[in-house]
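S.K.: A single structure is presented below for examination.
The values are calculated or read from the model by the stated rules, or taken from the named source; none is laboratory data. Since the model is a prediction, treat every value here as computed from it, not as a measurement. Methodologically, a virtual Cβ is constructed for each residue, glycine included, from the backbone with ideal geometry; neighbour enumeration extends over all protein chains shown. Protein only, heavy atoms only, side chains kept; ligands, DNA and RNA dropped before computing areas. Shrake-Rupley method; radii C 1.70, N 1.55, O 1.52, S 1.80 Å.
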Amino acid sequence: MTHYSSLDFSRLEQLATEEVVTHSLVSDIALASGRTLALITLHNGRDHRRPNTIGPRTLLELDDVLETLRGRAAAGEIDAVAITGKPYVFAAGADLSQMNALRERDDALLVAQQGHHVLGKLSDLGVPSFAFVNGVALGGGTEIALNSTYRTVDSSAAAIALPEVFLGLVPGWGGAYLLPNLIGIENALEVVISNPLKQNRTLKPQQAFELGMFDAIFSPANYLEDSLRWADGVLSGATKVERRNAPGRLERLTKWPVAIKMARGMLESRIGTVPLSPYRALDLLDKAKSGTREEGFAREDEALADLISGDQFAASMYAFDLVQKRAKRPVAAPDRSLARKVSKVGVIGAGLMASQFALLFARRLQVPVLITDVDQARVDKGLQHIREEIGKLEQKGRVDGDTANRLRALVQGTVDKSAYADCDFVIEAVFEETGVKQQVFAEIERIVAPEAILATNTSSLSVEEIGSVLEHPERLIGFHFFNPVSAMPLVEVVRTPRSSEEALATAFAVAKDLRKNAIGSADAPGFIVNRLLAKVMGEAARAIDEGTPLMTVERAFGPLGLPMTPFQLIDLVGWKVAAHVQDTMATHFPERFHASANLHALADLPHAVEKDKNGRVTGWTKEAQKVLRVGRAPVPEAEILRRVEDELAREIRIMLDEQVVPEVQDIDLALILGAGWPFIDGGASAYLDRVGASERVFGSTFHDPVIRGVSA
């Protein structure tokens, strides 16, 4: 690693003026054997709410400490070095806020090189190094451990991960080279690529230990003491460290290339070829099977520099900031002090959606939940489904037996609607038709207390119209979940001109207690997410109606980077639902939204599309081909893409002008949370600016300056 020592990292220090430095505090520990271990404790001086992060100044201090310890090791003063974190936190990775200060690719390259220069010293101190991972370890934090000679982990650590690919980067401080050579290529692919692409999934300590990322795992009760005792055993030779998952020569020659090939095919099928970081990570993992550590680190340097300086990372940082900050402080939400206490929840309906609501409210709010329906058989079926879902949670270890029994007891069902009398919050999950919703709310309003809040889960109907039959329409708000309810993080809180501040405050408070992100929306057709998804689906349907082949349409939307192609999405939400949404939008805005008769025809079929084993659409079914009525003017992919880009830019601009939401950031956040719009796009607006759609449509951009990467 000697070539890094000739580099000047002082420029990075000058750029990191606002870095919260994580200090390296050293203390000598006398081990039972009489050996001395120098323990570095990473601590930024803040509590657990501000995790340790790693920026240029942090690395500079750690570098000085490691050089001092290297000298002490050479003098025989210490026998080992260990590094651990403050309570609950080892290190949460690189200080991403400092990345935005970079303005040149050369600076981005220095960031990678400085990480390698400093962390690489952990394996070159003249004595063994130990990482005692006592809490959350993400990205660069995990790479500190990987660069160490030996590793232990606290079984209660919140998360272990290399999430860089999720953010448009790669593990660039040793992770892409060291990890596959420690745990094997298949395990490394899971940690570096698969998990980040699964909504940034992290590992529990036991999982990381079983993969071979750690040599020992200890309980939190005596974690540090046990780790020190274990380290002493390693130093004396009494404790043998076996790494059963480390790849051998045969794996490198045979399994490695096969695993890479399969992973590449999976990526192309699942995410297309637009995202850069997964493929760059795949290349790094591929090449890690041979060559020296220095060569592997040099490849990481170049990859990280390219990605940090690119548009996708800039957009990812914008999206990351929205999710980490704006989502936690909803814009225009009333003061929480106005929220009414919710001690019992009513759910109107007992179908699949109602059952999901009931379980979520019971599990997160820990209050009684009541479901009703038109007959006892439907109520019993709903209760049975809820109990089965609780049983699944128990089997997976996500709740213990006592909690499972308590949840079952909290959810009750009846056909007697008078039982709603003591409910503080009542949400409907009935048929998506205005008259039906009006009828159930008019009936419930006469039963519940005057201060009870009423909520509709409508996805596209007018909340104000639904409430027009109420004596007190000010108590009604929209509370739109996304399916599946337990997994999707977004709730759209819809305000009408009559909604009271108390009702809105209660809705935002309930959403937070449900561990959902709430975004406020005006009572406009489709609200936020469905209005824009209707644009996507409508343009796809328009192209089909004109005579464009199905797969041409599917491929045309690839550059958007959405998790699903248009007709894969339609097939998931249901053809009847999609047709209904398109009809609703076209009724309100006939000049801007396309309603397709073909969607209705396809909705009557058992199956409209053929799909491969990964769920990707491959063509129409024979039955679909018989009912489709299309024109003879097929549209090329580029024209379809341009259309949808321009239509999205136009609709977002209209939504902002009509104050559906206060700012474009709210639209981007809603699309990220509710539609899986990729981080690498920065939601929709940053992407539309970059491809020129904003300029084409309204002669300006959503962001000034446009969100782009650093200069080359």
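S.K.: Show which lysines lie in cross-link reach of LYS611 when reach means a straight Cα distance below 21 angstrom and same-chain residues fewer than eight apart are skipped.
M.R.: Result set, ordered by chain and number: LYS198, LYS576, LYS622, LYS626.
S.K.: For segment 143-236, state which trypsin sites (Lys or Arg not before Pro) are in a DSSP loop and have at most 16 other beta carbons lying within 10 Å of their beta carbon.
M.R.: Qualifying residues, ordered by number: LYS198, ARG201.
S.K.: Additional query: Run the accessible area of segment 395-526 with a 1.4 Å probe and give the carbon-and-sulfur part as a rounded percent. Please report the intermediate quantities before stating the final value.
M.R.: Details: 2520 of 5410 Å².
Exposed carbon and sulfur together represent 46 percent of the surface.
S.K.: Probe of 1.4 angstrom, ligands and nucleic acids ignored: what's the accessible area per residue over segment 135-187, in square angstrom? Write out the running numbers ahead of the final one.
M.R.: Working: 880 Å² over 53 residues.
Per-residue accessible area for segment 135-187 comes out at 17 Å².
S.K.: Calculate how many DSSP beta bridges within the chain are antiparallel, expressed in % of all such bridges and rounded to the nearest 5.
M.R.: Values: 18 of 65 bridges.
If I count the DSSP bridges inside the chain, around 30 percent turn out antiparallel.
S.K.: Given a 1.4 angstrom probe, what's the average accessible area per residue across segment 311-393, in square angstrom?
M.R.: For segment 311-393, the solvent-accessible area averages 46 Å² per residue.
S.K.: Which percent of the accessible area of segment 98-240 is formed by carbon and sulfur heavy atoms (probe 1.4 angstrom)?
M.R.: On segment 98-240, the fraction of accessible area on carbon and sulfur atoms equals 48 percent.
S.K.: Using square roots of five times the C-alpha gyration tensor eigenvalues, list the equivalent-ellipsoid semi-axes of segment 356-397 in whole Å, biggest first. Can you show the working numbers first?
M.R.: Numbers: eigenvalues 78, 38, 6 Å².
Equivalent ellipsoid semi-axes, largest first: 20, 14, 6 Å.
S.K.: If you don't mind, another one. Using the Cα gyration tensor of segment 475-528, with a ≥ b ≥ c the square roots of its eigenvalues, what is the shape: rounded (a/c below 1.5), prolate (a/b larger than b/c) or oblate (neither)?
M.R.: oblate
S.K.: At R0 = 60 Å, how high is the FRET efficiency between LEU253 and GLU471 if r is their beta carbon distance? Nearest 0.05 is fine.
M.R.: The value I calculate is 0.20.
S.K.: Summarise the accessible area of segment 594-680 (1.4 Å probe, protein heavy atoms) by the percent that is carbon and sulfur.
M.R.: 47
S.K.: With every protein chain present, what is the per residue accessible area of segment 457-581 (1.4 Å probe, Å²)?
M.R.: Details: 3910 Å² over 125 residues.
Result: 31 Å² of accessible area for each residue.
S.K.: Something else now. Restricting to lysines 8 or more places apart or on different chains, can you count the pairs in segment 213-324 with Cα atoms under 17 Å from each other? Present the calculation step by step, with values, prior to reporting the outcome.
M.R.: Numbers: LYS255/LYS287; LYS255/LYS289; LYS261/LYS287; LYS261/LYS289.
Lysine pairs satisfying the spacing and distance rule in segment 213-324 number 4.
S.K.: Enumerate the calculated ³J(HN,Hα) couplings along segment 261-278 in order (Karplus 6.51 cos²θ - 1.76 cosθ + 1.60, θ = phi - 60°), each rounded to whole Hz, writing x wherever the residue is Gly or Pro.
M.R.: Along segment 261-278, the couplings run 4, 5, 5, 5, x, 4, 4, 4, 6, 7, 10, x, 10, 6, x, 7, 4, x Hz.
S.K.: Taking LYS417 as the anchor, which lysines have their alpha carbon closer than 16 Å to its alpha carbon, excluding any fewer than eight residues away along the same chain?
M.R.: LYS344, LYS437
S.K.: Under a 5 Å amide H to amide H cut-off, with H placed in plane at 1.01 Å, what residues pair with VAL89 once short-range neighbours are removed?
M.R.: VAL136
S.K.: Pop the C-beta distance of ARG244 and ASP335 into the FRET formula with R0 = 60 Å and round what comes out to the nearest 0.05.
M.R.: 0.60
S.K.: Shifting gears a bit: Cross-link partners among lysines for LYS86, C-alpha distance below 26 Å, same-chain residues fewer than 8 apart left out?
M.R.: Answer for LYS86, where 26 Å is the Cα cut-off: LYS121, LYS204, LYS325, LYS328, listed by chain and number.
S.K.: DSSP loop GluC sites (Glu not before Pro) in segment 542-617 with at most 13 other Cβ atoms within 10 Å of their Cβ, which ones?
M.R.: Passing both the DSSP loop test and the Cβ count: GLU591.
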